[in-house]
């Protein structure tokens with residue numbers, strides 16, 4: 001396993017985690033670069049590709065949450081103004097996708113990261129609990145509450161359109 | 001619920017990183033390496049300066065100590081000579097007195 005292989009295999013994952021959490025392509029790139037720089041420093045301590053992926057998910061989550069906390073009340077980009085990075089394929093309704101991403105961006109930090117790890121990376125609550133160092137019970141509770149809130153808001157938006 | 005979760009997976013599908021991303025990571029790694037190189041060069045040169053300066057300082061201290069010891073020895077010798085001269089004067093005076101008496 002070389003650094004170049006790990007970078008190539010995981011750069012889209014790291015960038016997307018940061019982007020879906022921060023909703024700011026520039027900030028996401030900055031966070032993702034910083035994460036890979038740290039990976040380079042710690043590379044000798046990693047035990048293989050799976051460990052590297054786990055480490056990257058954990059470091060990206062932590063770094064993205066720190067970024068938001070440090071940024072604090074500074075002006076953020078309006079959600080509608082965000083230029084979406086390209087994706088290999090964009091299944092589903094683009095408008096609904098966009099609306100869902102906007103609603104996820106309104107969630108508090110921890111539940112937002114739980115949602116991104118669950119639905120971007122398709123991770124189970126147990127895996128998310130290890131990455132975010134929180135009890136599985138808390139992960140499940142964040143998921144249930146966030147899903148209920150999103151469903152309600154989406155239903156209300158659709159009702160307004162009808 | 002499954003349909004809604006599928007919609008969420010679609011919405012949060014992975015995005016493509018910017019085309020220059022990989023190059024920027026390598027540039028950052030290289031900058032970090034050279035930064036670390038500069039740090040070690042400065043640290044080595046700094047350590048060399050400290051070693052040389054402490055060598056000079058120790059030499060200066062040693063010289064000072066030797067000079068002080070020499071001066072102390074000279075002072076002791078002067079005292080001893082003064083005592084000797086005084087004693088010799090006394091003896092001379094005694095000898096002269098006894099010769100005159102005879």
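Helix B:2-11 versus the longest principal axis of chain B: what angle, 0 to 90°, nearest 10, using Cα atoms?
Long axis of B:2-11 versus the principal axis of chain B: about 60 degrees.
As a check on your grasp of the helix formula, calculate [θ] at 222 nm for the protein assembly as shown: sum -39500 (n - 2.57) over DSSP H runs of n ≥ 4, divide by the residue count, round to the nearest 500.
Only helices count here, giving -28000 deg cm²/dmol.
Calculate the spin-label point distance for residue A:148 paired with residue B:24, positioning each point 7 Å from the Cα along the beta-carbon direction, and give it in nanometres.
A separation of 4.0 nm, rounded to one decimal place.
What is the helix-to-structure angle for A:136-161, meaning the angle in degrees between its Cα long axis and the longest Cα principal axis of chain A, kept from 0 to 90 and rounded to the nearest 10?
40 degrees
Let me see the pair-distance distribution of the protein assembly as shown: every alpha carbon pair, 10 Å bin width, integer percents in order.
Pair shares across the bins are 6, 21, 22, 12, 6, 5, 5, 4, 4, 4, 4, 3, 2, 1, 0, 0.
Please identify which residues in the range A:1-38 have an amide N closer than 11 Å to a label point set 7 Å out from the Cα of residue B:32, following the Cα→Cβ vector.
Backbone N within reach: A:33-38.
Between residue B:95 and residue B:67, take the C-beta separation as r, use R0 = 45 Å, and let me know the FRET efficiency to the nearest 0.05. Intermediate values should be presented prior to the final figure.
Values: r = 42 Å, r/R0 = 0.92.
Efficiency, rounded to the nearest 0.05: 0.60.
If I fit a long axis through the Cα atoms of helix B:21-101 and take the longest principal axis of the Cα atoms of chain B, what angle between them do I get, 0 to 90°, rounded to 10?
10 degrees
Calculated FRET efficiency, residue A:43 and residue A:141, Cβ-Cβ r, R0 30 Å, to nearest 0.05? Before the final figure, lay out each step's value.
Numbers: r = 36 Å, r/R0 = 1.19.
With a Förster radius of 30 Å, E is 0.25.
With each label point set 7 Å from Cα along the Cα-Cβ vector, what nm distance links residue A:93 and residue A:109?
3.4 nm
At R0 = 45 Å, how high is the FRET efficiency between residue B:9 and residue B:49 if r is their beta carbon distance? Nearest 0.05 is fine.
Working: r = 61 Å, r/R0 = 1.36.
Between residue B:9 and residue B:49 the formula returns 0.15.
Where the centroid of each part is defined by its Cα atoms, how far is the range A:1-15 from the range A:124-157 in Å?
27 Å
Rule-based calculations on the coordinates, nothing more; no lab input. The shown structure was predicted, so the numbers you read here are calculated from the model rather than taken from an experiment. Cβ coordinates were reconstructed from backbone atoms using ideal geometry, including for glycine residues, and neighbour counts include every protein chain displayed.
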